[in-house]
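Chemist: Just dropping this structure here.
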Amino acid sequence: MGNTGGPVEILPFLFLGSAHHSSRRETLERCGITAVLNVSSSCPNLFEEELQYKTLKVEDSLAADIRVLFPEAIHFIGNGGRVLVHCQAGISRSATICLAYLIHARRVSLNEAFDFVKCRRQVISPNLAFMGQLLQFETDVLSTGHSFDFKDCDRSAKVLSGSFSSMLSMGVQTERYETLNKGTK
């Protein structure tokens, strides 16, 4: 499920996919992937001699606390390169990490981030516990202005407007995504 084609481009430097995508050298090369964020407890890192890897071990379970991994994941994504974020199926854990990244890096709501990612990868479906953790993260980031202190993460603000603009050109409601483009022109 969700393995046809390749990983989807969320941002020019952020891709979302599955373990299948991460295991295909030609797919990674075609997408220009230079780093892989493996958000699973069992998927192997197959090309460690060629790519930068970070593994964040977490189960796709209602008992898992994925939120504690957000700072490390956001830091890894923001440190440069073209990053593939994957779990086993590319539906729950890796989607949760990509949503957290958008909430943090662009200060958008969970609903806006979810709609944006869902436009690109329709099969995403973070488990209920992960959605609750994302809602709490959204509250922490947006309501209190809480921000993680990461170096080199502001590159996302420079490229987000182009990504969101391309989504708008695909016919997504303009007024709903005004917030996403605010201040990036």
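The values are calculated or read from the model by the stated rules, or taken from the named source; none is laboratory data. Everything quoted here is computed from the prediction, not taken from an experiment. A quick note on method: Cβ atoms are made from the backbone with ideal geometry, for glycine too, and the neighbour counts reach across all protein chains shown.
Chemist: Report the residue count in segment 43-58 for those that are in a loop (DSSP other than H, G, I, E, B), surrounded by fewer than 18 Cβ atoms within 10 Å (Cβ to Cβ) and touching a strand residue (DSSP E or B) at 6+ places or on another chain (Cβ under 6 Å). Working first, answer last.
Modeler: Here is the first cut: in segment 43-58, the ones in a loop (DSSP other than H, G, I, E, B) are 43-51, 56-58.
Among the residues that remain, those that are also surrounded by fewer than 18 Cβ atoms within 10 Å (Cβ to Cβ) are: 44-50, 57.
Among the residues that remain, those that are also touching a strand residue (DSSP E or B) at 6+ places or on another chain (Cβ under 6 Å) are: 45.
Residues that pass the stated criteria total 1.
Chemist: State all residues of segment 73-106 that are at pLDDT 95 or above and of a type in the set (D, E, K, R); if no residue qualifies, say none.
Modeler: Those that are at pLDDT 95 or above and of a type in the set (D, E, K, R): R82, R93.
Chemist: Going by the conditions given, is L28 modelled with pLDDT of 95 or more, more than 21 Å from L102 (Cα to Cα) and crowded, with 19+ Cβ neighbours inside 10 Å? First the steps, then the outcome.
Modeler: Working: modelled with pLDDT of 95 or more: yes; more than 21 Å from L102 (Cα to Cα): yes; crowded, with 19+ Cβ neighbours inside 10 Å: yes.
Judged against the criteria, L28 is a match.
Chemist: Follow-up. For segment 121-130, how many residues meet the condition of being surrounded by fewer than 16 Cβ atoms within 10 Å (Cβ to Cβ) and part of a helix (DSSP H, G or I)?
Modeler: Residues meeting the conditions: 1.
Chemist: For V68, indicate whether it is crowded, with 21+ Cβ neighbours inside 10 Å and more than 15 Å from the chain's Cα centre (by Cα).
Modeler: It is false that V68 is crowded, with 21+ Cβ neighbours inside 10 Å and more than 15 Å from the chain's Cα centre (by Cα).
Chemist: Moving on. Among the listed residues S94, S61, S40, identify the single one that is touching a residue at least 40 places away in the same chain (Cβ under 8 Å), under 22 Å from A113 (Cβ atoms), among the polar types (S, T, N, Q) and in a loop (DSSP other than H, G, I, E, B).
Modeler: On the way: S94 fails: in a loop (DSSP other than H, G, I, E, B); S61 fails: under 22 Å from A113 (Cβ atoms).
The conditions single out S40.
Chemist: Please indicate, with yes or no, whether at least one residue in segment 112-120 is surrounded by fewer than 23 Cβ atoms within 10 Å (Cβ to Cβ), touching a residue at least 12 places away in the same chain (Cβ under 8 Å), in contact with a strand residue (DSSP E or B) (Cβ under 9 Å, 6 or more places away or on another chain) and not in a helix (DSSP H, G or I). Let's see the steps before the verdict.
Modeler: So the first thing to find is which residues in segment 112-120 are surrounded by fewer than 23 Cβ atoms within 10 Å (Cβ to Cβ), and the list is 112, 114-115, 117-120.
Subset that is touching a residue at least 12 places away in the same chain (Cβ under 8 Å): 112, 114-115, 117, 119-120.
Filter once more, so that each one left must be in contact with a strand residue (DSSP E or B) (Cβ under 9 Å, 6 or more places away or on another chain): 117, 120.
Next cut, not in a helix (DSSP H, G or I) only: none.
No, segment 112-120 has no match at all.
Chemist: Sticking with this structure for a sec: Within the group S169, S125, S156, which residue is of a type in the set (G, A, S) and at pLDDT 50 or above?
Modeler: The conditions single out S125.
Chemist: Separate question: Check G81 against each of (1) in contact with a strand residue (DSSP E or B) (Cβ under 9 Å, 6 or more places away or on another chain); (2) surrounded by 24 or more Cβ atoms within 10 Å (Cβ to Cβ); (3) not β-branched (V, I, T) and name the one condition it does not meet.
Modeler: Of everything listed in (1) in contact with a strand residue (DSSP E or B) (Cβ under 9 Å, 6 or more places away or on another chain); (2) surrounded by 24 or more Cβ atoms within 10 Å (Cβ to Cβ); (3) not β-branched (V, I, T), G81 misses just condition (2).
Chemist: Looking at L84, is it in a strand (DSSP E or B), over 16 Å from I124 (Cα atoms) and in contact with a Leu (Cβ under 8 Å, 6 or more places away or on another chain)? Show your work before the answer.
Modeler: Numbers: in a strand (DSSP E or B): yes; over 16 Å from I124 (Cα atoms): no; in contact with a Leu (Cβ under 8 Å, 6 or more places away or on another chain): yes.
When the stated conditions are applied, L84 does not pass them.
Chemist: Looking at segment 31-42, which of the residues that are within 22 Å of G5 (Cβ to Cβ) and of a type in the set (S, T, Y) is surrounded by the fewest Cβ atoms within 10 Å (Cβ to Cβ)?
Modeler: Narrowing segment 31-42 to residues within 22 Å of G5 (Cβ to Cβ): 31-40.
The next check asks that each one be of a type in the set (S, T, Y); those that pass are 34, 40.
Numbers: T34: 15, S40: 21.
Result: T34.
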